[in-house]
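A short worksheet on the structure shown next.
Throughout, read-outs are computed from the coordinates displayed, never taken from laboratory work. A quick note: this is a predicted structure, and the numbers were derived from the prediction, not measured. When we count neighbours, we look across all protein chains shown, and the Cβ atoms used for this are built from the backbone with ideal geometry, even at glycine.
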6 protein chains.
Amino acid sequence: MNPIEYHDASEEVRAVYDDIKAARKVDDVNNFWKYLANEPRMLRHVWESLKEMMGPGHLDPAIKELIFTAVAITNNCEYCRVSHMTQARAKGATDEMINEMIGVVALANMTNRLVNAYKPPVDEMFLEKKD
Amino acid sequence: MNPIEYHDASEEVRAVYDDIKAARKVDDVNNFWKYLANEPRMLRHVWESLKEMMGPGHLDPAIKELIFTAVAITNNCEYCRVSHMTQARAKGATDEMINEMIGVVALANMTNRLVNAYKPPVDEMFLEKKD
Amino acid sequence: MNPIEYHDASEEVRAVYDDIKAARKVDDVNNFWKYLANEPRMLRHVWESLKEMMGPGHLDPAIKELIFTAVAITNNCEYCRVSHMTQARAKGATDEMINEMIGVVALANMTNRLVNAYKPPVDEMFLEKKD
Amino acid sequence: MNPIEYHDASEEVRAVYDDIKAARKVDDVNNFWKYLANEPRMLRHVWESLKEMMGPGHLDPAIKELIFTAVAITNNCEYCRVSHMTQARAKGATDEMINEMIGVVALANMTNRLVNAYKPPVDEMFLEKKD
Amino acid sequence: MNPIEYHDASEEVRAVYDDIKAARKVDDVNNFWKYLANEPRMLRHVWESLKEMMGPGHLDPAIKELIFTAVAITNNCEYCRVSHMTQARAKGATDEMINEMIGVVALANMTNRLVNAYKPPVDEMFLEKKD
Amino acid sequence: MNPIEYHDASEEVRAVYDDIKAARKVDDVNNFWKYLANEPRMLRHVWESLKEMMGPGHLDPAIKELIFTAVAITNNCEYCRVSHMTQARAKGATDEMINEMIGVVALANMTNRLVNAYKPPVDEMFLEKKD
């Protein structure tokens, strides 16, 4: 699939591009969006979801970018890692915070497999109380 | 493998159990540690790493528990999810923060696969500048 | 490991290469097979399985290539993605079908993690009736 | 987290529940939606995306449910597997089609790792031609 | 899908069951095979592959069961873990060997993510020399 | 993040580098360690764990490197694969052993998904007897 540039895009795609550029105050959208535009329905849904969930909310935007990066590291998605790490930094994450997040991700991936291997029963204190 | 209770544990294992109990101000260690004690070397290393990385540092401890939970959700590790979500709450995470984290994890897993599928080249602005 | 070309191959490996070339009406086998030939037992088993399962059956061959590609995208296997997407196209899949499949894969990876996070109990209507 | 029933739901959540019930001609929504309602923003986005992508389009709806199930099997998401396999059947997939899909998923997961291990270079015929 | 018992099985399936029973000197096949028999082609291919690869070869059979278990732990496949751990023990693996294997798997899953996060370039000494 | 060379390293990092160089009888540490040094706490913990677990124990060191490589192949971690395969060879693994291990890893990844799909109940003979 080829990336779709603004001048070649349908009206539907251009509307999303315009909204991304306005929201992020940038002159052009990143390659991710230009490729995703091959499926305009997903382009719209992904952008609408990210716009709402990654902005101000209950967690600091920099923290949300760090969580996004943590998933990308676990899944080995390189484009995702560098793009969201860049955004984490732009929103205030320091090198110290990023390095500590990486350590937590690494330890979690280790203990996840220790749990897979030994299958400890869930302790009573961890049982979720349903109403 | 069977869990190893304190009274059956070797001196090496007891020392780790004692340290966990002192650090967490609890009367007994969780099942995870009792099963991991079947490999005393890993018991020691995992505890030493978690003790140093999950305590006070550059990220808020509640945030680190949320990141840990984000990895557990991505990997579908149920014991890990409930134990670290419980700890996230104990350290101050609210339901609103947890639900927002879950949304971010879900979106990241979606966009990771869109990147796998379309393989957009990394934008110049995301390239990590090496000295 | 190095790829094994026809002229350097053992009789056992050549027999598989010949069968692939005849079945696919090609002059040479792809790199995947030349590397897999380092383990001639697997070369034989993988080819025999793919030959039987990917040909005519209960699903259209183009659909089976799309399912194969869906797994490759989930696992981030690049060689697998491009080779099976090429075969999907050769067997009749259009760009529209491929883009829609990619959207489904992305959504499935998202909802999989929402399920991991919230662990909804299986609805009665979904329980598989065993005889 | 607890499931949110219709009578306890906010107006925003009820609107989504009503739309799901109307679109699927059912009296109540499944557990997945009742738990996801803890994060109403994701509830809305996920439903809007699935409604648009899983209905009529370029691939047969039964095929899209099979692709969804293929991802769930790869990721070991049990709720996802049984719910989408049920929907695949409701939309016309037979046992023979499901079993063949499972075989393709298994083979793809095997060959993905053979590629990870041998790292064959992408054959020239598979290179995606960019305009 | 339901398991297929010997008395309900087709001739093709019975032939595989008979071969498994003879090779393993058991009176009945395990549940894995009874369910896989819903797709007789895969039943045959999987059995033929396992029979050839898991028996005597270049690695000790107990070691091959440990490697199989290591993958099952990484992927969180519970049936696979317990069945191959049982076979590892039957072929001579001790608790000490199993616990050490589990430790190696956990450490590998941790360092894999550290590599995903920091992306160190491959050292010259690790480059595979192709002829 | 940039790699940290010995002459730029803190005393804490240098101590780990010195220990690696002494233990492995090498003049310089690999890139993995130079990048990991950005988080000196993890550098120390990862090295201490690997030093203890990958050396002489209950499994042959070459076998442990093969298990490490098996996980790297499953997770598609390229740096991990080539570095541990190199070490497996240095510790005595032959090409035949490596190819057989790769075959086992591929088969395990296939049967893991067949289990995910058919969900066979665990046979009584595989149930772990807890004291």
Quick one: check the C-alpha center-to-center distance for region D:42-75 versus region A:11-53, whole angstrom.
21 Å
Among the aspartates and glutamates, which fall within straight-line cross-link reach of E:Lys51, defined as a Cα-Cα distance under 16 Å, with same-chain neighbours fewer than 8 residues apart omitted?
C:Glu39, C:Glu48, E:Asp18, E:Asp19, E:Asp60, E:Glu65, F:Glu100
Which residue, D:Thr111, D:Thr74, D:Thr86, tops the fluctuation ranking in a GNM of chain D built on C-alpha contacts under 10 Å?
D:Thr111
Largest-first principal axis extents, alpha carbons of region B:57-119, Å:
41, 25, 23
FRET efficiency, C:Asn2 to C:Asp27 (Cβ-Cβ, R0 25 Å, nearest 0.05)
0.75
Placing each pseudo-label 7 Å from Cα in the direction of the beta carbon, C:Arg41 and C:Lys91 end up separated by a distance in nanometres of 2.9 nm
Counting other C-beta atoms within 10 Å, which of A:Glu65, B:Glu124 has the fewest, and how do the rest follow?
B:Glu124, A:Glu65
The convex hull of the Cα atoms of the protein assembly as shown, divided by residue count, gives a volume in Å³ per residue of 170 Å³
Sort shortest first the distances from A:Ala15 to its counterpart in every other copy, using label points 7 Å along the Cα-to-beta-carbon line, and give them in nm.
1.7, 6.0, 6.2, 6.2, 6.8
Multiply the residue gap between F:His58 and F:Asp18 by 0.36 nm, knock off their C-alpha separation, and tell me the result in nm, one decimal place.
11.7 nm
How far, in nm to one decimal, is B:Asp60 from itself in the other copies if the label point is set 7 angstrom along Cα toward Cβ? Shortest first, please.
0.8, 5.2, 5.2, 5.2, 5.3
Placing unit charges on C-beta atoms (Lys and Arg positive, Asp and Glu negative, everything else neutral), compute the dipole magnitude of region D:14-70 about its Cα centre in debye, rounded to 20.
120 debye
Taking each residue in A:89-95, count the Cβ atoms of any other chain within 10 Å of its Cβ, then average. What number comes out?
1
In deg cm²/dmol, rounded to 500, what helix-only [θ] at 222 nm does chain E give when every DSSP H run of at least 4 residues adds -39500 (n - 2.57) and the total is split over its residues?
-21500 deg cm²/dmol
Debye, to nearest 20: dipole size of the protein assembly as shown, +1 on Lys, Arg Cβ, -1 on Asp, Glu Cβ
0 debye
I'd like to know how chain D sits against the 2.2 N^0.38 Å rule of thumb: what's its Cα Rg over that expected value?
1.34
GNM on chain E, Cα springs under 10 Å; top mean-square fluctuation among E:Lys25, E:Lys34, E:Lys64 goes to E:Lys25
State, to one decimal in nm and shortest first, how far the label point of A:Thr94 sits from each corresponding label point in the other identical copies (label point: 7 angstrom along Cα-to-Cβ).
2.6, 5.0, 5.6, 5.6, 6.6
Take every residue in peptide C:53-60, count the Cβ atoms of other chains within 10 Å of its Cβ, and give the average of those counts.
5
Chain C, rotation onto F, residue closest to that axis via Cβ, with its distance in Å
C:Asn76, 4
Go ahead and set up a Gaussian network model of chain A, Cα springs under 10 Å, then flag whichever of A:Val16, A:Val115, A:Val105 fluctuates most.
A:Val115
Answer with one residue from D:Asn31, D:His7, D:Val105: the one whose Cα lies farthest towards the positive end of the charge dipole of chain D, charges on Cβ with Lys, Arg +1 and Asp, Glu -1.
D:Val105
Given +1 on the Cβ of Lys and Arg, -1 on the Cβ of Asp and Glu, and no further charges, what dipole in debye does region A:17-124 carry about its Cα centre, rounded to the nearest 20?
260 debye
Between B:Val122 and D:Glu11, what is the spin-label point distance in nm, taking each point 7 Å from the Cα along the Cα→C-beta axis?
4.8 nm
